[in-house]
Amino acid sequence: MSDYQPVERAIRSPEGRRASFGGRGIATPDREYEPRGRGLDIQERMLIEQRVTNDAKSTGTAYLLWLFLGGLGGHRFYLGRSGTGFVMFGLWLLGLVTIFVGIGAIFLAIVVVWALIDAFRIPGMIKADKEALRLGLSTEALIMR
């Protein structure tokens with residue numbers, strides 16, 4: 001017995017006829033195959049999406065942290081990227097300490113450019129966080145079955 005079950009899809013040719021090639025073991029254009037018994041049902045998917053919505057990072061909070069603590073990497077700590085947050089904070093601190101020597105301006109310029117680039121990357125970081133959370137919850141739900 002096959003591990004896959006056919007799911008009907010209505011694909012019609014320009015003349016209005018249904019496209020089908022038939023034959024055993026050949027996926028026809030009017031069918032899509034999904035794993036049998038391996039997916040999540042609708043209720044589980046809804047619970048996962050609700051949990052993702054509740055646990056997701058706030059875009060507004062991330063932008064407020066970027067606005068007030070952007071040079072210190074505060075938004076990166078909030079978004080779970082603490083490694084690069086420490087690097088950003090270290091560059092900012094090094095820039096402040098060496099500003100009197102003249103080299104500190106270079107470090108501060110790097111932090112400013114990095115923070116400006118992050119302003120455009122924040123939505124993508126939040127989306128990646130949501131996708132990772134969704135994948136983890138889906139995997140956990142499938143394992144718990």
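Please treat every number below as a calculation from the coordinates, not as lab data. As the structure is a prediction and not an experimental result, all values here were calculated from the model. Positions of Cβ are generated from backbone atoms using ideal geometry, with glycine treated the same way; all protein chains shown enter the neighbour counts.
Please report the spacing between the Cα centers of the range 131-145 and the range 47-75 in Å, no decimals.
Cα centroid of the range 131-145 versus Cα centroid of the range 47-75: 22 Å apart.
Output the peptides 53-60, 117-124, 69-76 sorted from most to least packed, where packing is the average of other Cβ atoms within 10 Å over each peptide's residues.
Working: 53-60: 11.5, 117-124: 13.2, 69-76: 22.0.
Top to bottom by mean Cβ count within 10 Å: 69-76, 117-124, 53-60.
Taking θ = phi - 60°, what integer Hz values does the Karplus form 6.51 cos²θ - 1.76 cosθ + 1.60 yield along the range 137-145, in sequence order, with x for Gly and Pro?
After applying 6.51 cos²θ - 1.76 cosθ + 1.60, I find 5, 5, 5, 5, 5, 5, 5, 6, 5 Hz.
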